[in-house]
1. Out of GLU89, GLU118, GLU77, report the one residue that is among the charged types (D, E, K, R), modelled with pLDDT under 95 and either open to solvent by less than 50 Å² (accessible area, probe 1.4 Å) or touching a helix residue (DSSP H, G or I) at 6+ places or on another chain (Cβ under 9 Å) (or both).
2. Scan the range 94-129 for residues that are touching a residue at least 60 places away in the same chain (Cβ under 8 Å) and of a type in the set (A, V, I, L, M) and jot them down.
3. Looking at MET104, MET4, which is the one that is open to solvent by 40 Å² or more (accessible area, probe 1.4 Å) and in contact with a strand residue (DSSP E or B) (Cβ under 9 Å, 6 or more places away or on another chain)?
4. Quick check, is ALA27 crowded, with 22+ Cβ neighbours inside 10 Å, farther than 15 Å from LEU130 by Cβ and not basic (Lys, Arg)?
5. Please identify the pairs in which a residue from the range 157-179 that is open to solvent by less than 20 Å² (accessible area, probe 1.4 Å) has its Cβ atom under 8 Å from the Cβ atom of a residue that is β-branched (Val, Ile, Thr), counting only partners at least 6 apart or on another chain.
6. Scanning the range 96-139 for residues that are of a type in the set (Val, Ile, Thr) and touching a Phe, Trp or Tyr at 6+ places or on another chain (Cβ under 6 Å), which turns out nearest to PHE155 (Cα to Cα)?
Amino acid sequence: MNIMTYMGILMDPLDPNSEQIRMEDIAHALSMLSRANGHFPEIHTVAQHCLECANEARARKLSRQIQLFCLLHDGAEAYLGDFISPVKERMPAYKEAERELLTMIYEKFAGRVPSAEEKKLVKEIDKTLLYFEFLHYMGVGCGNPGAGLKSQPVFAEMPRQEVEERYLALYKELSNEDL
């Protein structure tokens, strides 16, 4: 079953082709997806979360490559949608499709898949941001604060178009690529 992306590409997200994956589609779709399945009192998008993860990696003085991995870490959700973690854990077929698509995204836009140690760093930053997003929006942290924040995230609803543009600009900066 095919979907049509923002850029007008027909693709089967369960059988993707690298040629069909576009950064513009990822930035656009993630800027439209709300974190926490829409349960925060205001919209905080997946794209904002990815930007904050990349900024946290930068504040921790991690490499540009790790920052890029942080920006891209939810990229598969642009094509597969998202499920909250407790549901996703019970969906092995979704998790496998997400893993395959994310591998393709990392290879295409970051040049390679993160190593085990790099994945661990990205996951720690991801979980730390999750904790502080919930603390800000819901008054209680979700999970573990990890090492805490070195950056100063903006937990405020932002215009979707601005988020999309920031995502594309940061990708361009970190990858040294023109879109």
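The values are calculated or read from the model by the stated rules, or taken from the named source; none is laboratory data. Worth saying up front: this structure is predicted, and the values here are computed from it rather than measured. Note that each Cβ is placed from the backbone with ideal geometry, even for glycine, and that neighbours are counted across all protein chains shown. Just so you know, the surface numbers come from the protein's heavy atoms only, side chains and all, with ligands and any DNA or RNA stripped out. Shrake-Rupley method; radii C 1.70, N 1.55, O 1.52, S 1.80 Å.
1. GLU89 is the lone residue from the list that is among the charged types (D, E, K, R), modelled with pLDDT under 95 and either open to solvent by less than 50 Å² (accessible area, probe 1.4 Å) or touching a helix residue (DSSP H, G or I) at 6+ places or on another chain (Cβ under 9 Å) (or both).
2. Step one: of the range 94-129, the residues touching a residue at least 60 places away in the same chain (Cβ under 8 Å) are 97, 100-101, 104-105, 107-110, 121-122, 125-126, 128-129.
Selection gives ALA97, LEU101, MET104, ILE105, ALA110, LEU121, VAL122, ILE125, LEU129.
3. Working: MET104 fails: in contact with a strand residue (DSSP E or B) (Cβ under 9 Å, 6 or more places away or on another chain).
Criteria check complete, one pass: MET4.
4. Working: crowded, with 22+ Cβ neighbours inside 10 Å: yes; farther than 15 Å from LEU130 by Cβ: yes; not basic (Lys, Arg): yes.
So ALA27 passes the test.
5. VAL163/THR45; TYR167/ILE26
6. We begin by selecting, within the range 96-139, every residue of a type in the set (Val, Ile, Thr); these are 103, 105, 113, 122, 125, 128.
Still in the running and touching a Phe, Trp or Tyr at 6+ places or on another chain (Cβ under 6 Å): 113, 122.
Working: VAL113: 29, VAL122: 20 Å.
Across the range 96-139, the extreme among qualifying residues is VAL122.
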